[in-house]
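Every number here is computed from the coordinates shown, using simple stated rules; none is lab data. From a predicted model like this one, the values you see are computed outputs, not experimental measurements. In this analysis, Cβ positions are derived from the backbone assuming ideal geometry, glycine residues included, and neighbour counts consider all displayed protein chains.
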Amino acid sequence: MEEAHGRSGVSVTNDLVAEVVAQQLESMLSVGNYDGVKLLLAPVQPVDVAEAVGCLPRTLQALAFRLLGKDEAIEVYEYLEPAIQQSLLERLRSNEVLELVEEMSPDDRVRLLDELPAKVVRRLLVELSPAERRVTAQLLGYAPETAGRLMTTEYIDLKEFQTASQALSIVRRRARETETIYSLYVTDGQRHLTGILSLRDLVTADPSDCIGDVMTREVVSVGTDTDQEEVARAIQRYDFLAVPVVDRERRLVGIVTVDDVIDVIEQEATRDLYAAGAVEAGDEDDYFQSNLFTVARRRVVWLAVLVIANGFTTQVIAMNDAVLREVVMLAAFIPLLIGTGGNVGAQSSTVVIRGLSTQRIQPLGPWRAVVREALAGALLGLLMLLVVVPFAWWRGDGPLVGMAVGISLLAITTLAATAGAALPLLFNRMGLDPALMSAPFITTATDVAGVFIYLKTAEWLLLHAPQLLEATSISTHLLASLAF
C-alpha cells in the first residue's frame, strides 16, 4: 500500500467522520448530485473514503467508486475490505477492472488475488502486462503468510560507486513509483544486499560522497520464507519503517513495510483470540457478515469436542457415586472446585501464550516457566483455602467436607496452573499453534482431573482416616465450647 499523504487544511478523521461522510454520500448519490459527491470526497483521506464507500448499499458502491479520480480510486480500492473489493470487480466493466488491478501495488494485488476464485485469478493474470504478471506470479509463488508473500517489489536500490548527488536524482525520479523512499538499499552487480542508508543520511551527505562511504553495512534482513510473525517482530524490535527481504543467495527481492506489518499483527491477534475461544477462525474479515449457519459451523466443531471431553467428567462422577450417596454435601462443592481450577488454568495458559507470542518467555525458559506457574497455582490455592475451607467445614457440618475441599483445592489449582503453562509450551515445541491450548480446553481437562481428585480424596478420608476425622471433629467441638 502506498504511503499516506497528508492533505492541507484537513484534520485527522475518525470513524464518526467516515460515518457522516457515508450518510452525505448516500443522500447525494440518491438524487444524482454527482458534482457534489466529488466536492465532498476531495478533502477526505483515502482510508476514510474507503470506509464511507463500504457503508453504502451495494447498489451505490460502484457508482461512488466511479466518481473518484484514477489515482485516488486505486488508493481507495487498496483500503477496501476484501468482500467489497470482490463486489466492485463484479460490477465494474472489464477494462476498468484491468486498469485497477494493473495499477495496484504488487503486495496489495496479491492479497486481492488470494481472495478471488481461481478462474478469475487466471483471467486477470493473463490480461496483466508482462512486467506486472511476472512480479505477481513471483509473489504468488511464495508460501502464504511468509515474507515473500507479504513483500512488495517496489523499492529503491542504489550502488556503492554512485555519489550522493546521483542517488538523490534517482530517488526524485523513482519516488512516485516506490512503496517508500525513507529506507534506501544498496546492492552489487548481482543484486546482493550490501548496505542500507536512510533518506536523512543521503540528504545530509556531501553531494560528492560515494554511497559506499555513507551507508551502513550491517543490514538486518529477513528471508523470503520467514514467517510473517517473525517479520513483524523484526520491524517492532528495530523500529524499522521497512525491512529488506532476501533470497537464499542474499539477493534483494523486495521489502516489507510497516503498514503491512500492522495488518499482520491485527490478523494474528484476531486468530489467537478466536483460538482462545475455541472458534474456528476462517476469514476474520467477514465473520459478522456471515450467515448464521456459517457462524454455527465455525463453533460447533470445537464445541462438540469439548462436549465429548466433558463426558469424562460425568463418567468420573458416576464411577464415584458411592461416596456422594454417603455424603451428599460433597456434590455442592464440585462446581466451586472445577470452576476455580478452570479459571486458574485459563489464567496460566493466557500469560504463557502471550509470552510465546511476544517472545518474552524465552529468557525464563520453558521449564522454569512451568515451575513458576505451578508455584503460583499452589500459592493461589493456599490463599483461597483461608476462605473456602472454613465455609466448607461449616456447610458440611463436620471436618470431612472441609478437609476434602481444602486438599482438593490446593491440588487442583497447582495442577491447573501447571497444565495451563505446560500444554501451550508443548504445542509450541511440537510446531503447533500454542493458542489451540486455549481456555476452554484447559478448563475441560481441569474439570475431569479436578472432579477425580476431589472424589478420590473424599473417599480416602471417609474410608481410611476415620480416626483423624473423629479427632478433628472433637477438637472442633472443644474449641467451640471454650469459646462460649
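One table, with the values for the structure above:
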| quantity | calculated |
| --- | --- |
| Per-residue ³J(HN,Hα) for segment 214-222, Karplus 6.51 cos²θ - 1.76 cosθ + 1.60, θ = phi - 60°, Hz, x for Gly and Pro | 10, 7, 9, 8, 7, 9, 8, 9, 10 |
| Given the chain, longest segment not containing exposed loop GluC sites (Glu not before Pro) (DSSP; at most 16 other Cβ within 10 Å) | 281-484 |
| K38 versus L379: modelled label distance in nm, points set 7 Å from Cα along the beta carbon direction | 6.9 |
| Cβ-Cβ FRET estimate between V300 and Y182, R0 fixed at 56 Å, reported to 0.05 | 0.70 |
| Segment 38-109 shape via C-alpha gyration tensor axes, a/c threshold 1.5 | rounded |
| Where chymotrypsin sites (Phe, Trp or Tyr not before Pro) fall in DSSP loop in segment 145-211, at most 11 other Cβ within 10 Å | F161 |
| Segment 15-145, dipole about Cα centre (Lys/Arg Cβ +1, Asp/Glu Cβ -1), debye to the nearest 20 | 640 |
| Compactness of segment 15-145 as Cα Rg over 2.2 N^0.38 Å, two decimals | 1.10 |
| Estimated distance in nm for a label pair at L432 and E229, the labels positioned 7 Å out from Cα along Cα-to-Cβ | 1.4 |
| Cα gyration tensor category, rounded, prolate or oblate, for segment 70-129 with a/c compared to 1.5 | rounded |
| Given 12 as the ceiling on other Cβ atoms within 10 Å, longest exposed-site-free region of the chain for trypsin sites (Lys or Arg not before Pro) in DSSP loops | 361-484 |
| Stokes-Einstein D in µm²/s, Kirkwood radius over Cα pairs - the chain at 10 °C with 1.306 mPa s viscosity | 58 |
| Cα-Cα P(r), segment 163-236, percent of pairs per 10 Å interval | 17, 45, 30, 8, 0 |
| Neighbour cut-off at most 10 other Cβ (10 Å), DSSP loop, chymotrypsin sites (Phe, Trp or Tyr not before Pro), segment 53-108 | none |
| Within-14-Å neighbourhood charge of L56 [Cβ basis; K, R +1; D, E -1] | -2 |
| Dipole of the chain, positive direction: furthest Cα of Q315, V327, T358, with charges on the beta-carbon | V327 |
| Pairwise FRET efficiency - E326 versus I262, Cβ, R0 = 56 Å, nearest 0.05 | 0.40 |
| Packing-based exposure ordering (other Cβ within 10 Å, fewest first) of M430, M28, M384 | M430, M384, M28 |
| Summed side-chain charge close to A369 - residues other than A369 whose Cβ falls under 15 Å, Lys, Arg +1, Asp, Glu -1 | +4 |
| Linear extension gain, C55 paired with R123, 0.36 nm per residue minus alpha-carbon span | 21.6 nm |
| Cα-centre dipole for the chain with unit charges at Cβ (Lys and Arg positive, Asp and Glu negative), debye to 20 | 1140 |
| Computed over segment 330-461: relative contact order in percent, which uses C-alpha pairs under 8 Å that are six or more apart | 42 |
| Local electrostatic count, L380, Cβ distance below 15 Å [Lys/Arg +1, Asp/Glu -1] | 0 |
| Linear extension gain, F391 paired with E218, 0.36 nm per residue minus alpha-carbon span | 55.8 nm |
| Segment I317-D239, length gained on full extension (0.36 nm per residue, minus Cα span) | 22.6 nm |
